[in-house]
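Encoded as structure tokens, the structure appears first; notes follow it.
The values are calculated or read from the model by the stated rules, or taken from the named source; none is laboratory data. What you are looking at is a predicted structure, and each value in this text was computed from that prediction instead of being measured. For neighbour counting, all protein chains shown are included, and Cβ atoms are generated from backbone atoms with ideal geometry for every residue, glycine included.
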């Protein structure tokens, strides 16, 4: 890797325009991959390039068979998708992501991290990038007989949306909600996302029609209900978990906890939440509530974990959760990655 970086640095000295052209065309390819079919005007707006520059680069890429022109707009070709994967390491070097990735993997001790560009400070666009990369990771990890657990939230919705026809399908897979509903819009509920992803994979799926936050008595009663019992038994067989990382304060508010409970949780130093447990920055439990879904003990044993979390405000929660299971593969953005480094250095 060091040798490659040295060669690229030497190339920049001799042909400085190489970096500029590469980054510009690579970014256009990524935008077309995420948003295609997309027209030139829309692509010009998203890339902050003139329509003339977009047209010139797009015509070049089309002539090379990297993208196709359709009546609806430009789309990336199969050759283009393969090329993006081949060029990822080079792009990471030019973006400065390679060093960040190395430091975070070493200091957090997690399995891997994928860093995407924080797109023009537009987090909705960044989320689309993260979702696409998360979908690729899930597609590559699929094995016959997998039981995949999904949590709800906008991050996981971005992954489901990013799962395209180019990704692998698996009829032998079962997809289940990893936890009950959290009262948010049905669009982001685990049940909805499970069903949508299952359709894309041609996989089997199950629903869990219960709230996430319940009393111990209610959970005990619901576990005896035949349909819920069957889903819970399947949840206990999850071998791949795809989840978003929640901030403690946000999740406490989403559960409509009393002010007393909220204050107790925050004063105990909680920075993250997962599976009914609130954790401090070291990944230690500071508060626990009754929930229905995957247990913390199950989470700790999993060997395949894909987490999606971006933005500076998620960095502390990411560090916290990464202390619980080192098999984590994190998909994040440049701003969150930079903030993680600052936290680690503190």
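Data overview
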quantity	calculated
Exclusive hit being within 19 Å of residue 333 (Cβ to Cβ) and in a helix (DSSP H, G or I), set 84, 61	84
Among (1) within 18 Å of residue 298 (Cβ to Cβ); (2) buried (at least 21 other Cβ atoms within 10 Å of the Cβ); (3) within 20 Å of the chain's Cα centre (by Cα), the one test that residue 208 misses	(3)
Some residue of region 8-19 being over 20 Å from residue 98 (Cα atoms) and either modelled with pLDDT of 95 or more or surrounded by 12 or more Cβ atoms within 10 Å (Cβ to Cβ) (or both)	no
In region 140-154, residue surrounded by the most Cβ atoms within 10 Å (Cβ to Cβ) [restricted to those that are in contact with a helix residue (DSSP H, G or I) (Cβ under 9 Å, 6 or more places away or on another chain) and modelled with pLDDT of 95 or more]	150
Test: residue in region 17-31 that is without any contact (Cβ under 8 Å) to a residue 60 or more places away in the chain, in a loop (DSSP other than H, G, I, E, B) and farther than 21 Å from residue 130 by Cβ	no
Some residue of region 299-306 being within 27 Å of residue 114 (Cβ to Cβ) and either assigned to a loop (DSSP other than H, G, I, E, B) or not assigned by TED's automatic domain parsing to the domain that holds residue 152 (or both)	yes
Sole residue being assigned by TED's automatic domain parsing to the domain that holds residue 320 and either modelled with pLDDT of 95 or more or surrounded by 15 or more Cβ atoms within 10 Å (Cβ to Cβ) (or both), chosen from 101, 55	101
Residue satisfying condition, being closer than 17 Å to residue 250 by Cβ, in contact (Cβ under 8 Å) with a residue 40 or more places away in the chain and touching a strand residue (DSSP E or B) at 6+ places or on another chain (Cβ under 9 Å), within set 283, 311	311
Count - residues of region 316-346 that are assigned to a helix (DSSP H, G or I) and touching a residue at least 12 places away in the same chain (Cβ under 8 Å)	18
Lone unmet requirement of (1) surrounded by fewer than 18 Cβ atoms within 10 Å (Cβ to Cβ); (2) within 30 Å of residue 227 (Cβ to Cβ) for residue 274	(1)
Residue satisfying condition, being modelled with pLDDT of 95 or more and either more than 30 Å from residue 300 (Cβ to Cβ) or outside the structural domain of residue 159 (by TED's automatic domain parsing) (or both), within set 117, 122, 63	63
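Let's see how each residue does on (1) under 21 Å from residue 255 (Cβ atoms); (2) crowded, with 20+ Cβ neighbours inside 10 Å; (3) assigned by TED's automatic domain parsing to the domain that holds residue 298:
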| residue | (1), (2), (3) |
| --- | --- |
| 158 | no, yes, yes |
| 161 | no, no, yes |
| 169 | no, no, yes |
| 172 | no, no, yes |
| 177 | yes, yes, yes |
| 181 | yes, yes, yes |
| 188 | yes, no, yes |
| 197 | no, yes, yes |
| 201 | no, yes, yes |
